[in-house]
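Read through the structure below, which is laid out as structure tokens, and then see the notes.
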Amino acid sequence: MSLSSLPRLHLHGPPRATRAEGRSIALAAREAALLARLWLDGPCTRAAMAGFLWPQADERRARANLRQTLLRLKRDVGPVLDEADGLLSLVAGVVEAGATAAGPLLGPLEFDDAPELAEWLAERRARVQRERLREGLQAAQQALQAGRTGEALAAADAVLAADAAVEEAHRIRMQVFLARGDRAAAIGAWDDCRDALRRAFGIQPSAATHALGRAAMAGEGLAVADAAPVAGRDPP
């Protein structure tokens, strides 16, 4: 089967699939959860998947629900699922096209009636969020090192829009303002950092961040390399 004939999955933001001919298909909640589980965790038995998606139903009903879901996906989405040796899996070559999108995994969907699924989804969303924060911080730091202060500031602001208590992003903002000679903005960014960490964790910023703040108060510049990331205060 050629890759051009396969559907594409969009599992971040409102879940949907794009058929090979370009038509977009909205995915029902359990359809989306099934595809996300297979995409992220790999092959799964029918029994395990049925129990994962419909834990409150008896085994017979859960398996019947799964069969109907598989039939709908085949009919509406196309060749997205495979089954061999008793394991469900995604067809080889099917990709998730929205992994870098801004929306959370499975968009607004919640599964209060399926505790294992709800816990799995919360953990996966948190993992994606951490990865996005790491990527954003890396982009901000690289831009700062290259002297692209506007780009560094925008990247740090984007990180803080997602999580206001990321200390390194505050520190990058302070470094940008110090590099520009804007003491007042650097001090304001220091205050923002202290407020955010106190509200989120009840802690003070690290010594590296305070060093930047003191440099701003004294009207001194500080090299970018003098304020490295601090383990334990930034995204793991």
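The values are calculated or read from the model by the stated rules, or taken from the named source; none is laboratory data. The model shown is predicted, which means the values in this text are computed figures rather than measured ones. Virtual Cβ from ideal backbone geometry, glycine too; neighbours counted across all protein chains shown. Each accessible area value is taken on the protein alone, full model and side chains, heavy atoms only, with ligands, DNA and RNA left out. Shrake-Rupley method; radii C 1.70, N 1.55, O 1.52, S 1.80 Å.
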If N is the residue count of segment 35-99, its Cα Rg over 2.2 N^0.38 Å rounds to 1.11
Whole-percent carbon and sulfur contribution to the accessible surface of segment 1-144 (1.4 Å, no ligands, DNA or RNA) stands at 51 percent
Checking segment 6-44 for trypsin sites (Lys or Arg not before Pro) in a loop per DSSP with at most 15 other beta-carbon atoms within 10 Å yields Arg23
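Using only the Cα atoms, what convex hull volume per residue in Å³ does segment 140-199 have? Mind dumping the intermediate values first?
Details: hull volume 3.4 nm³, N = 60.
Convex hull of Cα atoms, per residue: 57 Å³.
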Per the charge dipole of segment 73-168 (beta-carbon charges, Lys/Arg positive, Asp/Glu negative, Cα centre), the residue among Leu90, Ala158, Gln129 reaching farthest to the positive end is Ala158
The size of the Cβ-based charge dipole (Lys, Arg +1; Asp, Glu -1) of the chain about the Cα centre, to the nearest 20 debye, is 440 debye
To the nearest 10 degrees, the tilt of helix 183-201 (Cα long axis) against the first principal axis of the alpha carbons of the chain is 50 degrees
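In deg cm²/dmol, rounded to 500, what helix-only [θ] at 222 nm does the chain give when every DSSP H run of at least 4 residues adds -39500 (n - 2.57) and the total is split over its residues?
Details: 8 runs with 128 residues, N = 236.
That comes out to -18000 deg cm²/dmol.
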GNM on the chain, Cα springs under 10 Å; top mean-square fluctuation among Asp163, Asp85, Asp58 goes to Asp85
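Loop-only check: which GluC sites (Glu not before Pro) in segment 13-74 are DSSP coil with at most 13 other Cβ within 10 angstrom? Kindly include the intermediate steps, with their values, before the conclusion.
Details: sites: Glu21, Glu31, Glu59; in loops: Glu21.
When the GluC sites (Glu not before Pro) of segment 13-74 are filtered for loop state and at most 13 Cβ neighbours within 10 Å, Glu21 remain.
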With the dipole of the chain defined by +1 on each Lys or Arg Cβ and -1 on each Asp or Glu Cβ, the option from Leu11, Phe201, Ala143 whose Cα lies farthest towards the positive pole is Leu11
Along the dipole axis of the chain (charges at Cβ: +1 for Lys and Arg, -1 for Asp and Glu; origin at the Cα centre), the most positive-end residue among Ala185, Gly213, Gly51 is Gly51
Probe 1.4 Å, heavy atoms of protein chains only: per residue, the accessible area of the chain in Å² is 50 Å²
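Give me the compactness ratio for the chain, meaning the Cα radius of gyration over 2.2 N^0.38 Å. Kindly include the intermediate steps, with their values, before the conclusion.
On the way: Rg = 23.2 Å, N = 236, 2.2 N^0.38 = 17.5 Å.
Normalised Cα radius of gyration, the chain: 1.32.
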In degrees, nearest 10, the alpha-carbon axis of helix 149-162 is tilted away from the dominant principal axis of the alpha carbons of the chain by 50 degrees
